[in-house]
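Structure first, commentary second.
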Amino acid sequence: MSILKQKEVYMDIKSAKIELVRLIVGIDNPQGLAHEIDTISAQKEDFWNELVDSLKEEIRLGIQELDKGNRTDFDEFIRQVS
């Protein structure tokens, strides 16, 4: 994508965000505002859902090891793998 096209896309996104903020600021109903917050929050993708199952399992195992107190100092780890 060219620099010019990137700037166009950036400006379109920036303009859209400004318009969204303008619309949200105009909401006076607390329930309506809560609804919009929920809608926007639901749009965020959780990276966890994008991971393959084998990677998720490795992460779970790592967390279990940390919970058991099995830790390695980062500098020590680097010395071991170097």
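For the chain, what is the convex hull (Cα atoms) projected area averaged across all directions, in square nanometres? Projected over every direction and averaged, the Cα hull of the chain covers 11.3 nm². Since only PRO30, VAL81, ASN70 are under comparison, the one whose Cα sits farthest along the positive direction of the charge dipole of the chain, derived from C-beta charges on Lys, Arg, Asp and Glu, is PRO30.
What the phi angles of segment 34-41 give under the Karplus curve with 6.51, -1.76 and 1.60, with θ = phi - 60°, is a coupling list of 4, 4, 5, 4, 4, 4, 5, 4 Hz, glycine and proline written as x.
Only helical runs count toward this figure. For the chain, summing -39,500 (n - 2.57) over DSSP H runs of n ≥ 4 and dividing by all residues gives -23500 deg cm²/dmol at 222 nm. With a Cα cut-off of under 23 Å and a minimum spacing of 8 residues unless on different chains, the lysine pairs in the chain number 7. For the chain, the longest principal axis of the C-alpha atoms and the axis of helix 3-25 are separated by about 70°.
Between 0 and 90 degrees, the angle of helix 53-67 with respect to the longest Cα principal axis of the chain falls at about 70 degrees. Near SER82, within a Cβ-to-Cβ distance under 12 Å, what is the net charge of the other residues, with Lys and Arg +1 and Asp and Glu -1? Once all neighbours under 12 Å are counted, the net charge is -1.
None of the figures in this text is laboratory data; all of them are computed from the coordinates on show. Keep in mind that this is a model prediction, so the values were computed, not measured. Note: ideal-geometry Cβ built from the backbone for every residue, glycine included; neighbour counts use all protein chains shown.
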